[in-house]
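Okay, so here's the structure we're looking at.
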Amino acid sequence: MATTTASPISARDQILDAAESLFARKGFDPTTIKEIGAAAGQNPALLYYYFGSKEALYRAVLQRIVAGLVARGTAGLESARTPADAIRTLVTTQVEFLLTHPSAPKLFVREMIDHDARHAEAMILQVATGLFGRLCAVIEQGQRSGVFRSDVEARFAAVSCIAQVVYFMLARPAVGVFFGLGPDGVPDAMVRRFGRHAGDFAIQALSPRERSA
C-alpha cells in the first residue's frame with residue numbers, strides 16, 4: 001500500500017500552528033525548535049528548511065496572523081453598506097478570526113512586553129496603514145454624514161472598537177470565572193454573542209447624544 005505524506009504547504013502550516021501556540025504560551029526565548037518540531041510532528045530540520053531560523057519562523061507566525069486579520073477585516077469593511085454596518089461587520093469578523101487563532105492575542109501581548117514590539121513593528125505598520133486606517137476612515141465618514149458624533153476622535157474610537165474583542169479573548173479565563181463557568185468555561189457561542197454586543201456597544205457610543213428637552 002502506498003503511503004501518503006504531508007504536502008509542503010501542509011507541513012509548513014503544521015509548523016506555523018505549533019509555533020503560534022508555543023510562542024504564545026512560553027514566549028520566544030524559552031521555546032525551542034525541537035519543541036516546535038515535536039508539537040508539529042515534523043523533523044526539526046524541516047523548520048530550518050522552510051524558515052531558516054527560529055526568529056524568521058517567529059516573524060512568519062506574526063505575519064500570517066496579521067495578514068489574515070487584515071484581509072478578512074478589510075473585506076468586511078468594503079462589503080458594508082453603512083458606517084454602522086462596517087463596524088459591526090469588522091467586530092464580528094475579528095471574533096471569527098480570533099476563534100480560529102486563539103493564541104494570537106496572547107502572542108502579541110508577549111511580543112509587546114518581552115520585546116517592545118521589535119519583531120512586530122512592520123506588521124503593526126501594516127495594520128495601521130491597512131485595516132486601522134480604513135476603520136478610522138469609516139468612522140470619519142459616519143461623522144461627516146451625521147450618523148456618528150463629531151466630538152469623538154476617530155482614532156480613539158477605532159482603538160476602542162478593536163480593543164473590546166481583544167481584551168475579551170485575553171480575559172476569557174477570567175470572564176469564565178466571572179460568569180460562574182470556570183476558567184475554561186466560556187464557549188465559542190458566548191464569544192460570538194459578545195462580538196455582537198461589542199459591535200452594538202461601539203455604535204451606541206458613537207451615536208449622537210439625544211438633546212434633553
Exercise. Could you give the alpha-carbon Rg of region 85-148 over 2.2 N^0.38 Å, rounded to two decimals?
Worked result: 1.36
For this session: On a 0 to 90° scale, report how tilted helix 83-100 is relative to the longest principal axis of the chain, with both axes built from alpha carbons and the result rounded to the nearest 10.
Result: 20 degrees
Exercise. If the convex hull of the alpha-carbon atoms of region 149-193 is projected onto planes in all directions, what is the mean projected area in square nanometres?
Worked result: 3.8 nm²
Exercise. How large is ³J(HN,Hα) for each residue in region 117-133, as worked out from phi by the Karplus curve 6.51 cos²θ - 1.76 cosθ + 1.60 (θ = phi - 60°), to whole Hz, x for Gly and Pro?
Worked result: 6, 5, 6, 10, 4, 5, 5, 5, 4, 4, 5, 4, 7, x, 5, 5, x
For this session: Order the peptides 46-53, 64-71 from the highest to the lowest mean number of other Cβ atoms within 10 Å of their residues.
Result: 64-71, 46-53
Seminar exercise, completed: Net charge (Lys, Arg +1; Asp, Glu -1) of residues whose beta-carbon lies under 15 Å from that of Asp200, Asp200 excluded, is +3
Exercise. When the gyration tensor of region 1-102 is built from Cα positions, what are the square roots of 5 times its three eigenvalues, in whole Å, from largest to smallest?
Worked result: 32, 16, 11
Problem set entry | Semi-axes of the equivalent ellipsoid for the chain, Cα gyration tensor, largest first, Å | 37, 19, 16
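Just so you know, all these numbers are worked out from the coordinates, no wet-lab data involved. If you're wondering where the values come from, they're calculated on a predicted model, not measured in any experiment. Glycine also receives a Cβ, built like all others from the backbone with ideal geometry; neighbour counts cover every protein chain displayed.
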